[in-house]
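The values are calculated or read from the model by the stated rules, or taken from the named source; none is laboratory data. Only a predicted model underlies this, so the values are computations on that prediction, with no experimental measurement involved. Methodologically, a virtual Cβ is constructed for each residue, glycine included, from the backbone with ideal geometry; neighbour enumeration extends over all protein chains shown.
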């Protein structure tokens, strides 16, 4: 007849297994007690920002008005880029642009810089409906002075090249 293991035997086996497994994993977790919140590279001099991010100076109504203003002001550029696409030239795909804005409170009052960032594309002359990315990104930058819910352009829109980090990656490979 075979004897069934009792509760004591099962407990002893479980304790022995736990004794082997616990020391192996006891030092597996490392906890960092400090977080480096600095902006990299040595030297003091600058003050470290602490606390929550600053409150957005634009109200939701102003944000909506800004989006509408950018949409109206970008129509001419969208038409120009569409014309480039249909003629098979390199163009910026503003139809799929990422929208961002940066308000700043200067001595002359509240100003906003809004950007439409999009990839540069090369249209195929044989089929202008198909395009391939060139690997570059460009941003259409608008500068506005804020007066309540009215946005007045301080300068005409301008194009900027956007650093995609590809140069850094290529330099790292060398």
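Is it the case that region 69-77 has a residue that's in contact with a helix residue (DSSP H, G or I) (Cβ under 9 Å, 6 or more places away or on another chain) and in contact (Cβ under 8 Å) with a residue 12 or more places away in the chain?
The answer is yes; a qualifying residue exists.
Yes/no per residue for (1) farther than 21 Å from residue 64 by Cα; (2) at pLDDT below 95; (3) in contact with a strand residue (DSSP E or B) (Cβ under 8 Å, 6 or more places away or on another chain):
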| residue | (1), (2), (3) |
| --- | --- |
| 91 | yes, yes, yes |
| 107 | yes, yes, no |
| 111 | no, yes, yes |
| 129 | yes, yes, no |
| 139 | no, no, yes |
| 154 | no, yes, yes |
| 164 | yes, yes, yes |
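Confirm whether residue 117 is surrounded by 16 or more Cβ atoms within 10 Å (Cβ to Cβ), within 14 Å of residue 143 (Cα to Cα) and in contact with a strand residue (DSSP E or B) (Cβ under 7 Å, 6 or more places away or on another chain).
Details: surrounded by 16 or more Cβ atoms within 10 Å (Cβ to Cβ): yes; within 14 Å of residue 143 (Cα to Cα): no; in contact with a strand residue (DSSP E or B) (Cβ under 7 Å, 6 or more places away or on another chain): yes.
No: the conditions fail for residue 117.
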